[in-house]
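Read through the structure below, which is laid out as structure tokens, and then see the notes.
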Amino acid sequence: MTEKQTKKAQPAKQAAAKAEPKPEAKPKAAKQQPSLRDEIEAEMKDDLEEEVSDSGVDVEALKKDRDELEDKYLRAAAEINNMNKRFNKEREDMAKYDGQKLATAVLPVLDNLERALATEVTDDAAQSLKKGVEMVYSHLDNALKENGVTEITVTGKFDPNLQQAVQTVPADKDHAKDTVVQVLQKGYKLKDRVLRPAMVVVAN
């Protein structure tokens with residue numbers, strides 16, 4: 001390329017360079033300024049710390065008193081909560097076992113009716129009377145069952161939670177050790193609470 005041609009080409013390159021768009025500069029992220037609320041809170045905190053420092057107040061002692069009061073409050077709240085739980089449980093038990101005293105008082109009457117029914121009678125008058133006793137017993141027994149009073153079932157194994165051993169006999173081939181040989185008096189419970197344990201004879 002001649003010197004003349006080189007001089008002609010230089011202006012063309014300069015014009016092309018000017019025509020190319022320059023990359024846009026990214027705007028700098030503006031620094032986040034604290035809000036008015038943050039400034040007020042910071043100023044109040046500084047003022048409070050300054051006042052506490054100037055007044056000579058024992059901050060650690062105040063914190064200790066605060067912690068002690070908070071602990072007492074939590075203990076009192078826990079105690080109140082436990083009292084409420086105990087009260088609710090007692091109220092539920094009263095509703096659940098309502099009539100326990102009456103049912104316990106009626107059980108001896110039921111026993112006497114059973115003894116009367118176990119008596120053998122021969123004449124017509126006595127048989128008629130026995131039928132009347134049987135009707136009374138049936139009504140009373142049904143009334144107790146409807147109110148949650150049921151007879152304790154006695155199985156072979158002695159259960160000290162439901163039965164009371166009033167007599168023991170030697171164990172033999174028919175009755176193993178710690179098994180019920182005979183029921184002397186029936187036991188009853190009100191729902192899941194024992195009203196009267198069954199009186200039994202146990203092999204020992």
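Quick rundown of the values:
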| item | result |
| --- | --- |
| Cα-based radius of gyration of the range 116-158 once divided by 2.2 N^0.38 Å, which approximates compact folds | 1.58 |
| Backbone HN-Hα couplings from phi across the range 172-186 [Karplus 6.51/-1.76/1.60, Hz, Gly and Pro as x] | 9, 5, 8, 10, 6, 5, 6, 10, 7, 8, 8, 9, 8, 8, 5 |
| Under the Karplus curve 6.51 cos²θ - 1.76 cosθ + 1.60, θ = phi - 60°, whole-Hz ³J(HN,Hα) for the range 78-91, x wherever Gly or Pro sits | 5, 5, 4, 4, 5, 5, 5, 5, 5, 4, 5, 5, 4, 5 |
| Rh (Kirkwood; distinct C-alpha pairs) - the range 38-125, Å | 20.8 |
| Under-5 Å amide H pairs with ASP178, H placed in peptide plane, nonlocal only | ALA203, ASN204 |
| Rounded to 5, percent antiparallel among DSSP beta bridges of the range 100-203 | 65 |
| In Hz, Karplus ³J(HN,Hα) per residue of the range 123-140 (6.51, -1.76, 1.60; θ = phi - 60°; x = Gly, Pro) | 7, 5, 5, 5, 5, 5, 5, 5, 5, x, 5, 5, 5, 4, 4, 5, 5, 5 |
| Nonlocal amide H pairs with GLN185, under 5 Å, H built at 1.01 Å | MET199 |
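Quick note: the coordinates plus some simple rules give every number you see, no bench work behind them. Worth saying up front: this structure is predicted, and the values here are computed from it rather than measured.
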